[in-house]
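Visitor: Quick one: the structure is below, and I'll ask about it shortly.
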Amino acid sequence: MTAFRAAATAALPAALLAALIAATPALAETTLSIGTQQEPTSLDPTADATASIDGMLVQNVYETLTQVNEPGEVLPQLAKSWTVSPDGLVYDFALQSGVTFHDGTTFDANDVKFSFDRAMAEGSVNPSKSIFAPIASVEVTAPDAIRITLKQKDGFFLFNIAQGDASIVAPESVDGNATKPMGTGPFMFTDWTRGDRLVLTKNAAWRDAGSVAIDRVEFRFIAEPAAATAAMLAGEIDAFPGFPAPELMEQFEADPRFTVVVGSTEGEVILAMNNSDEVLKDIGVRRAISHALNRDAIIDGAMYGRAQPIGSFFAPHHVSYVDLTGTYPHDVAKAKALLAEAGVTAPEFLLRVPPFPYATRSAEIIQGQLADAGMTVKIENVEWGFWLDEVFKKKNYDLSIIAHTSPNDLGNFARGPDYFYGYDNPEFVKLWDAIKFEADPVKRDALLKDAQRMVADQAVHGFLFQLPKLGVYAKGVTGFWNSSPVLYQPLATVAKAN
Amino acid sequence: MTLLILRRLLGFALTLLAISAAVFFLMNVLPGDPAMVILGIESTEDARAALRDQLGLNDPVIWRYLAWLGGAVQGDFGVSYSFKVPVAELIAERLPMTLALAGLATVVTVALALVLGVYAATHHGRAGDWAVMAFSQLGIAIPAFWLSMLLVILFAVTLRWLPPGGFPGWDDPIAALRALILPATALALVQSAVLARVTRSAMLEVMRQTYIRTATATGLSPARVMWRHALPNALVPIVTIIGMQVANLVTGTIVIENVFYLPGLGRLVFQAISNRDLITVQAMVTLFAAIVVTANFLVDLAYLWIDPRLRART
């Protein structure tokens, strides 16, 4: 070996040897491979709602003015601080200085204005265009300062602009973001083999690069739960933060090579009822259905016990959560009595189920529970595009099972009768407006609790459980969020012990 | 012969035309708005309208089909709605892997099936025959998905000889081949089960013929009788089944690529359908149809090569 090396040194020109040494990767490089079930189609979170785009890229490649941490608090990001005018309408943001995009172009207030104007523009295809609706204007007040003026107060504004939809992009690179995302974050986009993997590498120029422990991140797309399990067991994957199969968690818990974390997401799973339907618009019928449901049995059967029951449309990990699971306890006799009182005999419902395991598994259990209370449910498993069209757009359904994964989505009940709930309650609209405009945290907390109670009392839907976040990690991997208040997962704080 | 090929080429073109039209109109009556799928349930109606406009979905269906067809004959299959890159590029980056997988699976299938089938036929009624028949019965009954998982658990998780899935790309051909061994085996075991049975019965049929007895009587070795005289005469039904299995192989790769998370065409078509990426589905289904039609055409040509009597007739 030594002889060979000496011979090689003698034979090769020094420059070539130097090049060879330089090409050898540093031994200390830490690569983290993360399994993810959903594969993105485009890499631009400002033009496509696919959750995995945000999951992989937001706060890693792209950054936003503000960011949200695991408990759901709003923190500075590209905006290092801000002030709000007393009337709550004018936000003045002071921006980080010395920030560059990964292609070397400088970040400044003009990029912020460009990003917001683009999202708000008439022909904009931003998937959450409504979060920009309260904005009246965006002005550059200095190269490192931006002023956003609102038309009306918006208590969710700072939280909303922390989302991937409000990613700060550059006019120079925005058109390429669908395939070559360009941001200012701690990781740079490196490579994407569609159908296989997406690779990020550490951005050494990031303002806090010293604290980033991972040099290279590989997201591997594995849709099939059995394949995901095999990949974890074979040591191909270090982390699966959104593991797709609750039934397989026990296997990992029993294995000392892994850490299993069951956290929560923002996804409230509901038995959606079409409140504009002739039969279901009767609150007595909706209450009967609510009494007929046995949440614990649904959670055991569909989620292998790994989910928290909910009694209203609100995440249990939120500070303003009220436990309303006791509003309509499982009571078959009561359900039958309520149906009789409503003058409804042997009702039949069409349950259209989207293709998600939590939904398809819950459907048959719910069918059985409603049958016990004298209600016939016809299950129709439909594909996602069909669901969006027939259930969501055309309200062509009686019942459905769906998780609402957006944060702060209690406002869905204020969307009026055209929304697929078919729920029309001006009182709730008034309450939600009050919540939106309320800046005082104590008053706002009380209002949020009132809103949860109103929705539960009206039995608008059957409230089932909070969608869990099931994480499986190889021992030594740390820093992943247990629960997800937003769609993204920052990787700057993740580490892997070798 | 030339006439046959010309007739087949015309049929080929007409089949593709019919299939592309059928797929186009079917995909367009299927409920589901691509803009809604892409932008999600929080999107506003005006954003969806803007996207539909960008994608050209507001034009009449007939016009869109003709525009697509006009582009397709010139090799332009349009730009994917959801991936935002040319469909031809999407297909081109995935085709080599799927072809390699299907090719490898076919080679293993044919080799395994011929050996097993001939072995069973020559050991007719004995233990070896029963073993082959039992294997093929199992192969027909076991779903490819389940078989794949068994292979992964044994060879990737327990023994760690091969990767459990994924594809490292072609830069390292050895690694690429290693990644394809388990999926190709899973596909081939199921396919060869059917083919082994057909080979066995075709061989048994041929071995009853008097010319086999004559060949044996002239003092040729049993192996020479088998491979030189019996097998070539048993090939027509075997080739027919191979041709039919190409269609199965195409659908089989969709399942297998999902189980082994391989970046191939099967996974792309699955994704494109759920994303309502109509323009991508359109090109892919037409491509699959072209593959199956080509396979059938090659089978017909193979008949001519195998059986000189057919050559005389055309």
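Read the figures in this text as sums done on the coordinates, not as results from a lab. Fair warning: this is a prediction, and the values are worked out from it, not measured in the lab. Cβ coordinates were reconstructed from backbone atoms using ideal geometry, including for glycine residues, and neighbour counts include every protein chain displayed.
Visitor: With +1 on each Lys and Arg Cβ and -1 on each Asp and Glu Cβ, how big is the dipole of the protein assembly as shown about its Cα centre, in debye rounded to the nearest 20? All intermediate terms of the calculation are to be shown ahead of the outcome.
Guide: Values: 60 positive and 78 negative charges, 733 e Å.
Dipole about the Cα centre, nearest 20: 3520 debye.
Visitor: Which order do peptides B:73-82, A:392-401 fall in by mean Cβ count within 10 Å, highest first? Mind showing how you got there, number by number?
Guide: On the way: B:73-82: 17.4, A:392-401: 19.8.
Packing proxy ranking, top to bottom: A:392-401, B:73-82.
Visitor: In addition: Just want the answer: with Cβ charges of +1 for Lys and Arg and -1 for Asp and Glu, which residue in A:A346, A:G284, A:G462 is farthest toward the dipole's positive end in the protein assembly as shown?
Guide: A:A346
Visitor: Just order A:295-303, A:47-55, A:490-498 by mean Cβ neighbour count inside 10 Å, highest at the front, would you? List each step's numbers first, then the result.
Guide: On the way: A:295-303: 19.3, A:47-55: 22.7, A:490-498: 17.2.
Top to bottom by mean Cβ count within 10 Å: A:47-55, A:295-303, A:490-498.
Visitor: Still on this structure, I have one more. How well do other chains shield peptide B:25-32, expressed as the mean number of their Cβ atoms within 10 Å of each residue Cβ?
Guide: Across B:25-32, the average partner-chain Cβ count within 10 Å equals 3.
Visitor: List the aspartates and glutamates whose alpha-carbon lies under 13 Å from that of A:K475, not counting same-chain residues fewer than 8 positions away?
Guide: Of all the aspartates and glutamates, those that pass the test against A:K475 - Cα under 13 Å, at least 8 places apart if same chain - are A:D238, A:E253, A:D255.
Visitor: Within the range A:44-72, list the residues whose amide N lies under 14 Å from a label point set 7 Å along Cα→Cβ of A:N482.
Guide: Those under the cut-off are A:70-72.
Visitor: Kindly express, to the nearest 10 degrees and within the range 0 to 90, the angle between helix A:441-457's C-alpha long axis and the longest C-alpha principal axis of chain A.
Guide: Between the helix axis and the principal axis of chain A, the angle is about 50 degrees.
Visitor: So, in nm, how far is label B:A217 from label A:E253 when the simple model puts each one 7 Å beyond its Cα toward the Cβ?
Guide: Distance between the two pseudo-spin positions: 7.7 nm.
Visitor: In peptide A:173-180, how many Cβ atoms from other protein chains are near each Cβ within 10 Å, on average?
Guide: If you average over the peptide's residues, the count of other-chain Cβ atoms is 1.
Visitor: While we're looking at this one, here's another question. Rounded to the nearest 20 Debye, what is the dipole magnitude of the range A:266-467 about its Cα centre when Lys and Arg each give +1 and Asp and Glu each give -1 at the C-beta?
Guide: 100 debye
Visitor: Another question about this same structure. Using Cβ contacts closer than 10 Å as the measure, can you line up B:D33, A:D372 from fewest to most?
Guide: Values: B:D33 17, A:D372 13.
By the 10 Å Cβ count, ascending, the order reads A:D372, B:D33.
Visitor: Consider a paramagnetic label point 7 Å from the Cα of A:S130 along Cα→Cβ; state which residues of the range A:310-325 have an amide N under 14 Å from it.
Guide: Within reach of a label on A:S130: no residues.
Visitor: Still on this structure: Return the percentage of antiparallel bridges among DSSP beta bridges fully within the protein assembly as shown, rounded to the nearest 5 %.
Guide: Looking only at bridges with both residues in the protein assembly as shown, the antiparallel portion is about 75 percent.
Visitor: Compute the long axis of helix B:2-29 from its Cα atoms, compare it with the longest principal axis of the Cα atoms of chain B, and write down the angle in degrees, 0 to 90, nearest 10.
Guide: Helix B:2-29 and the main axis of chain B meet at about 40 degrees.
Visitor: Based only on other Cβ atoms within 10 Å, what is the fewest-to-most ordering of A:V322, A:V58?
Guide: Neighbour counts put them in this order, fewest first: A:V322, A:V58.
Visitor: First check a/c for the range A:63-171, with a ≥ b ≥ c the square roots of the eigenvalues of its C-alpha gyration tensor; if it is under 1.5, answer rounded, and if not, answer prolate when a/b is larger than b/c or oblate otherwise.
Guide: Rounded.
Visitor: Once a ≥ b ≥ c are taken as the square roots of the eigenvalues of the Cα gyration tensor of chain B, is the result rounded (a/c under 1.5), prolate (a/b larger than b/c) or oblate (a/b not larger than b/c)? Numbers along the way, then the final one.
Guide: Values: a/c = 3.00, a/b = 1.68, b/c = 1.79.
Verdict is oblate for chain B.
Visitor: Per-residue mean of other chain beta-carbon atoms within 10 angstrom of the beta-carbon, peptide A:233-241?
Guide: Whole-number average of other-chain Cβ neighbours for A:233-241 is 3.
Visitor: Which of the residue pairs A:K394/A:K430; A:K281/A:K436; A:K334/A:K469; A:K151/A:K202; A:K449/A:K469 have a Cα-Cα distance greater than 31 Å in the structure shown?
Guide: Too far apart for the 31 Å limit: A:K334/A:K469; A:K151/A:K202.
Visitor: Provide A:F187, B:F25, A:F157, B:F297 in ascending order of the number of other Cβ atoms located within 10 Å of each residue's Cβ, fewest first. Present the calculation step by step, with values, prior to reporting the outcome.
Guide: Details: A:F187 26, B:F25 13, A:F157 21, B:F297 17.
Ranking A:F187, B:F25, A:F157, B:F297 by Cβ neighbours within 10 Å, fewest first, gives B:F25, B:F297, A:F157, A:F187.
Visitor: OK, next. Quick check: the angle from helix A:283-292's long axis to the longest principal axis of chain A, C-alpha only, nearest 10 degrees?
Guide: The helix A:283-292 is inclined about 70 degrees to chain A.
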